[in-house]
Amino acid sequence: MFTKIVIIIFLFISFSFANALQSISKIKTIKLYFLQANYLPFDKNPDSVYLGVFIFKKPNKFFIKYLEDKEGNLIKDHLKSNGKYVEIYISENNETKYSYYKDLISYFPFSYIFSKDITKYFDIKQNGDYIYLFPKFQAEYNLIIIKTTSNSKFPIKYILIEYPDKRKIYFFIRKVEKINFYIPDKFFDIKISKSFK
């Protein structure tokens with residue numbers, strides 16, 4: 001479940017390389033609904049599929065809430081970052097875990113993706129509607145492929161994350177609800193015990 005949660009991270013690239021950089025740097029907040037399909041190595045059918053909502057505030061505050069699986073079963077798993085700490089709730093075990101954001105940067109490179117100097121962190125190639133990101137930092141994945149679309153509101157159709165062991169995770173954009181809207185910082189508050197700090 002943790003792997004399922006930590007993959008929801010790589011967004012906001014547009015039609016061309018120049019447009020992509022411009023679009024990224026302008027996004028301060030976003031709320032969207034996604035469909036995530038996880039594939040095991042060499043499988044043609046997804047191992048699991050989830051519907052969820054993603055709320056992000058630049059540079060590294062976010063809330064990811066899974067809503068249901070492919071059978072329509074409700075899910076309560078979530079992931080929240082206040083910019084310093086990350087809270088991970090796994091409903092299957094009724095367990096809450098905490099981590100430092102910096103310790104999960106290879107899973108959550110929001111500050112890199114939204115950087116005005118994205119080429120400092122990724123080698124970028126483009127082929128038609130596809131943008132390829134190769135991380136220059138140590139990451140769990142080896143490639144991100146972004147399929148763009150002509151949608152003017154949010155020109156991304158899906159994001160594909162590929163791993164060295166041949167796992168693949170698709171992140172399909174279902175609906176963008178809001179872009180660049182006000183989100184108070186307290187929305188991302190996390191109550192962490194003193195023993196963790």
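The values are calculated or read from the model by the stated rules, or taken from the named source; none is laboratory data. Given the structure is predicted, the values throughout are model-derived calculations rather than measurements. Glycine gets a Cβ as well: all are built from the backbone with ideal geometry, and neighbour counts include every protein chain shown.
In table form, for the structure just shown:
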read-out: Checking residue 131 against (1) of a type in the set (A, V, I, L, M); (2) at pLDDT 90 or above; (3) surrounded by 17 or more Cβ atoms within 10 Å (Cβ to Cβ), the condition it does not meet; value: (2)
read-out: So residue 39, is it crowded, with 18+ Cβ neighbours inside 10 Å, modelled with pLDDT of 90 or more and over 13 Å from the mean Cα position of the chain (by Cα); value: yes
read-out: Filtered residues of the range 37-84 (kept if more than 25 Å from residue 179 (Cβ to Cβ), touching a residue at least 40 places away in the same chain (Cβ under 8 Å) and out of contact with any strand residue (DSSP E or B) (no Cβ under 6 Å at 6 or more places or on another chain)); value: 40, 41, 42
read-out: Tally, over the range 144-197, of residues that are surrounded by 17 or more Cβ atoms within 10 Å (Cβ to Cβ), part of a loop (DSSP other than H, G, I, E, B), at pLDDT 80 or above and touching a strand residue (DSSP E or B) at 6+ places or on another chain (Cβ under 6 Å); value: 1
read-out: Matching entry among 85, 98, 89 (being closer than 27 Å to residue 49 by Cβ and either at pLDDT 90 or above or among the aromatic types (Phe, Trp, Tyr) (or both)); value: 89
read-out: Condition met for residue 121 (on the phi < 0 side of the Ramachandran plot, at pLDDT 85 or above and of a type outside the set (Asp, Glu)); value: no
read-out: Test: residue 76 is in a loop (DSSP other than H, G, I, E, B) and modelled with pLDDT of 85 or more; value: yes
